[in-house]
Structures are given as C-alpha cells and as structure tokens.
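All remarks here apply to the structure that follows.
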Amino acid sequence: MRRYLGLKRIFLPWSRRDTTQNESSPLIPKASSAKEDDEERDNVTPESRQVGPDNRQDDSRVLVSNQPHYRYSFTDYFLKYFLFLCNLVFTVLGLVVLGLGMWGLLSKESFAQEKIGSIGTDPMLILVSLGFVLTLLCLSGCLGALRENCSLLKLFSATVLALITAQVLAGIVAYSLQGQVGSYLRSGMLAAMVHYQDDLDLRFIADEIQTNLQCCGADNYRDWELNIYYNCSAPGVLACGVPATCCVDPLENGTVWNSQCGLGAQLLDEFSAQSVIFLGGCLGGMLRWIEQHEGLIGTVVIVILGVQILTLFISTRLLERIHWHKIYM
C-alpha cells in the first residue's frame, strides 16, 4: 500500500500537467495583468513614485494624478458674462433712480430742520429706497458673477427669490382686493388735493392726472373745497377756485399759461362752469384707464417676473458650475 502511494506521487513523463490559468484563483495572475501593470507604471508620474519614510509609495499623489479635471464650457462662460452684463445694466438703472430720488429730496429741501420730521412720508423716499435696494442687489450679482464669488451669488439668489415671493403674494392680494381699487384711488386723490399746495410731488401727480384725463377733483370739481386755499372761506385770492389744470383752455392764445383761469369757478353753476373747467371727477377716468390697459399692465408684470425667474435660474446654475470647478481644480 505504501509502495502504491509512493508511485502515485511520481509523475510519469507522458502524464500531461494542467498549465492553464485558473481565473477563479486569486493567486494566479491573469495573462493580461502584466501588460496592464506596465501601462499603469507608464502613467504614474515621477512625483507619484516618491517613497515616504515608511518605505511606501505615496498613494495620494497617484490619486491626484489620475483625478479628472473639470473645464469651463462655452455655456459656463455664457452664463457668467450674461449674468454680469444684465446686473451691470440694472446697477446703472438703480443708480439713476437713486440719483433722481436724492435730487428730488435736495431740491425740495427735505433735509431742512423744519421739514426733516415729515421726510418719512415724502414720495421721493420711495425712489431713494428703490434705487438703493436695486443698486445693492444688482451690484452683488454683478461682482459675484465676475469674480465667481459664491457668497455674493448666494446672497443675490436669496434676495431675488424673496422678491419673487413678495411680488407673487402682492399680486394675489391685489387680485383679491380688486373690488376696492376705486376706494383706494379716491382716498389717494383726495389726499393729493388736500396737500396740493404743501407737497410738490403730490401737486405734480394731481396736475398730471387732471391734465391727461381732462377732469377736475375726485368726484367733481367741488371736491377742491377740501383744500384750505381753495375753500370758499379762505382769505386768499384762490378762494372758491380750482387749479389751472382743471381749465378747458388754460393757454391764452395757445402760447401763455393762464394760472388764474380757475379763479371763482366754484361760484359758477354747472352750465356756466362747463365752458371754463372740466366738471367731471378723475376717479371714473382712472378706473376706465385701468380697464383699458389691463392687458398691458399684466404683460409688464409677467415680463418683469419672468426676468427675475430667469436671473434666479442663471445664478443658481452658475453657482453649481463654480462649485464643480473648484472641486476638480
């Protein structure tokens, strides 16, 4: 039996040995492994072959050398400079609005000691606030796009998103209160008439409405009794009169503006007054103008909202591109 086992260990010359590689065995290298190892050694840079203190290769250098690189595409550059140019244009527009508001405040001497207390109700303050916010917002987007500053772009995107949300909510509220538009317009027109001589901005607004709509007062020409200067009990020469913008023909011979054409108009009966001034109020004309231009107003609102949404999309996309570029840089 032992002799038989000994013979079994001896390979006969004609016995065929299996020299094929077994792919299931992890210890036997594959036929193509040597070629792949040579290719990997050729791709390794000299820096990656440096040996550390523990006589091991620095694997981190090998990973960095094989890491993919992200490059800006034409779309990335287009988004960057398109956002920059748009914000640059709106920055200039914001500076213009801010300059107009400051010029209005200075020209009316609103910063004088006797007027500084009522500056909070000055309509020019709306232009100043709007111009300042628009300039600051667009300047952050402009510099953020040009310098690829993620902080400025995030601030710009968050502010634009807040503005879009506020405008949508304001639109919903305005649509729900459209039945009360007439009362709001009437209150505003009466307030402008009361402060007609005291506030140049309200005087300008009232004159423009009466001239363009050919009307006088809110409901009729007798509404000017609310003004302390045009009231019939006033001591001045304007008593029982109306502004010159209520006159049918305020120009004498078509050349000279007659500022006294409305004096004493409230003392006249309607038949006599209709040849001198407009009898109808401006409230009906304003409501008719809004009804006739509803489509235009809606189109303007949609365009403005669409531009803001497009700007938000571009800034968000640019932030994503800058993020990936910094990762694979």
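A short reminder: the numbers here are calculations on the coordinates, not readings from a lab. If you're wondering where the values come from, they're calculated on a predicted model, not measured in any experiment. We place every Cβ from the backbone using ideal geometry, glycine too, and count neighbours over all the protein chains shown.
Using the Karplus relation 6.51 cos²θ - 1.76 cosθ + 1.60 with θ = phi - 60°, the per-residue 3J(HN,Hα) values for segment 212-228 come to 6, 8, 6, 9, 8, x, 8, 9, 7, 5, 6, 5, 6, 5, 5, 7, 5 Hz, with x marking Gly and Pro. Phi angles across segment 260-273 convert, under the Karplus curve 6.51 cos²θ - 1.76 cosθ + 1.60 with θ = phi - 60°, into 3J(HN,Hα) values of 10, 5, x, 5, x, 5, 6, 7, 7, 6, 5, 5, 6, 6 Hz, Gly and Pro given as x.
For the Cα trace of segment 131-195, dividing Rg by the Kirkwood Rh returns an Rg/Rh value of 1.26.
Once the chain from Leu226 to Asp198 is taken as fully extended at 0.36 nm per residue, the excess over their C-alpha distance is 8.7 nm.
With the alpha-carbon atoms of segment 188-329 aligned to their principal axes, the span from lowest to highest coordinate is 83, 31, 30 Å, starting with the largest. Could you compute the net charge surrounding Gly264? Neighbours are other residues with a C-beta less than 14 Å from the C-beta of Gly264; K and R count +1, D and E count -1. Its environment carries a net charge of -1.
Work out how much length Ser183 to Leu130 would gain on full extension: take 0.36 nm times their residue separation and subtract the Cα-Cα distance, in nm to one decimal.
That pair, Ser183 and Leu130, stretches by 16.5 nm at full extension.
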